Amino acid sequence: APSDLDIVVFGDDAWEVSIGDLPYLQVGPFHTNTVAGLERSMDILRRRKTPNRQIFMITDGKPSCLKEADGSYYKNSAGLDDYIVGKCLNRAAALRKEGIPVTTFMIARDPWLQEFVSDFTRANNGKAFYTGLKDLGELVFEDYERNRKKKWK
């Protein structure tokens, strides 16, 4: 069966990139709009009719930005903002209702960020791996293969 891999990156906003663009991506100077990344991913997956719809989210775990309905940005880099976290948890639950699991790869070690990822994972009924960048590729591939085999049986 064919498989598609769509890559969504997110800073203040979320956008798609090709796999060939990955080596050239640079960090910042953005905030982290986790909700926008999840919404863009959800939009892509809604158009897919394949049984193996899943999201792999690689993050430092700190959502710090939202785009409001009026187009303005709400940003808060100080700690975890309850308003932003609430929107992320709502998105996680909406994905769960659509049967789209999120596997989060947390690349930061801060306990309060890991707690957010834990809450997010519980809301989605997904999975989380707490890792550094070194083993990330292998973990993503192993988890993808494990989920793919489960769905196709």
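Taking the criterion of being small (Gly, Ala, Ser), within 19 Å of SER41 (Cβ to Cβ), free of Cβ contacts under 8 Å to residues at least 60 places away in the same chain and open to solvent by 10 Å² or more (accessible area, probe 1.4 Å), would at least one residue in segment 97-117 satisfy it?
yes
Kindly state which strands (runs of 3 or more DSSP E) lie completely within segment 1-70 and contain at least 1 residues that are surrounded by 11 or more Cβ atoms within 10 Å (Cβ to Cβ) and more than 16 Å from the chain's Cα centre (by Cα).
It comes to 65-67.
The values are calculated or read from the model by the stated rules, or taken from the named source; none is laboratory data. Given the structure is predicted, the values throughout are model-derived calculations rather than measurements. Because the Cβ atoms are built from the backbone with ideal geometry, glycine has one as well, and the counts that use them run over all protein chains shown. Surface accessibility is based on the protein's heavy atoms, side chains included, excluding ligands, DNA and RNA. Shrake-Rupley method; radii C 1.70, N 1.55, O 1.52, S 1.80 Å.
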